[in-house]
Amino acid sequence: MKQIAVIGAGTMGNGIAHTFAQSGFTVKLIDISEQSLDRGMATIASNLDRMVAKGSITEADKLATIGKIITYTDMQDGVVGADLVVEAATENVNLKLDIFKKLNEYCSHSTILATNTSSISITQIGAVVAHPERVIGMHFMNPVPIMKLVEIIRGYNTSDAVTQTIMQLSEKLGKVPVEVNDYPGFVANRILMPMINESIETLYNGVAGVYEIDTVMKLGMAHPMGPLQLADFIGLDVCLAILHVMYDGFKNPKYAPCPLLVNMVRAGKLGVKSGEGFYNYAESKKAEKVAAQFLK
């Protein structure tokens, strides 16, 4: 594999593009607007600057990485000739299905099509393309350049050959791939989201406050970040969307989102990206401090 296309220049997409480019791959980064692409490239440059300052890469490494990323606003132009397409758009099933229908039209039938979804069925996505055996889940963790895990999700039709190719490719990126099967939430979010949701229920029921809940989990369970702070970092809208997928998939009430989470999302309190969630990040640029602390 030489050419990688990444659809979506947001938090996950720019991190995936950064990681592939730093590993020597030519990357085509695709988004619907120049503004989104500019923001994504600025984030990549900032993250690379942080790595230079820490001494983990050189200035020449940074320039070489940026030089391997080409930006596109036209999906068809961006995916032509790609050996692998990684979709990293918003966690919305209809949006993802629409993207994969277009990829089926634009890409060669030998192109591997991966999705960075954290909860949506790979089998369902694969069903809208010819040769669904080439569709696979490639769930990176945030922040992508730092986190080692890649959850590799096999759809019902995903072939052994494609799975092995993506496992090996992930290792070339310096990641640790873990193969899992296609059920709602996969492994990471099937375990993580109920924990976050129960933490929100604990707050909702008045058992303890935000700081107290997070402190118990950090000091008592050795978590680097408390569950409510982590939810803010992920995005409360993303947490809610994943819980909806799991509740719809299993029809089990234990996956039903807490009413407090629902109301916070309705109120636009989405966490770090909106400036306020369980914590207020608008004061003294706390959002940047949280992100910087997590990336140390």
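The values are calculated or read from the model by the stated rules, or taken from the named source; none is laboratory data. Because the structure is a prediction, the values reported are computed rather than measured. Because the Cβ atoms are built from the backbone with ideal geometry, glycine has one as well, and the counts that use them run over all protein chains shown. Calculation scope for accessible area: heavy atoms of the full protein, side chains included, ligands and nucleic acids excluded. Shrake-Rupley method; radii C 1.70, N 1.55, O 1.52, S 1.80 Å.
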*Calculate how steeply helix 286-295 sits against the longest principal axis of the alpha-carbon atoms of the chain, using the helix alpha-carbon long axis, and give the answer as 0 to 90 degrees to the nearest 10.*
60
*asked:* Please report the carbon-and-sulfur percent of the accessible area for region 1-155; probe 1.4 Å, protein heavy atoms only, DNA, RNA and ligands left out.
replied: 51
*Solvent-accessible area per residue for the chain at a 1.4 Å probe radius, Å²?*
47
*Between Ile152, Ile191, Ile44, find the one with the highest GNM mean-square fluctuation for the chain; connect C-alpha pairs within less than 10 Å.*
Ile191
*Charge dipole of the chain about the Cα centre (unit charges at C-beta), most positive-ward option of Ala267, Ala282, Tyr156*: Ala282
*Using only Cα atoms, find the angle between the long axis of helix 188-204 and the longest principal axis of the chain, and express it within 0 to 90 degrees, rounded to the nearest 10.*
30
*Treat every Asp and Glu Cβ in the chain as -1 and every Lys and Arg Cβ as +1, leave all other atoms uncharged, and give the resulting dipole magnitude about the Cα centre to the nearest 20 debye.*
400
*asked:* How tilted is helix 34-54 with respect to the longest principal axis of the chain? Cα atoms for both, answer in degrees (0 to 90, nearest 10).
replied: 80
*Within straight cross-link reach of Lys172, meaning Cα distance under 18 Å, which aspartates and glutamates are found once same-chain residues fewer than 8 apart are removed?*
Asp61, Asp83, Glu151
*Under a straight-distance cross-link criterion of Cα-Cα below 17 Å, which aspartates and glutamates are reachable from Lys218, leaving out those fewer than 8 residues away in the same chain?*
Glu198, Asp232
_I need the phi-derived Karplus couplings for region 164-171: 6.51 cos²θ - 1.76 cosθ + 1.60, θ = phi - 60°, integer Hz, Gly and Pro marked x._
5, 4, 6, 4, 5, 4, 4, 5
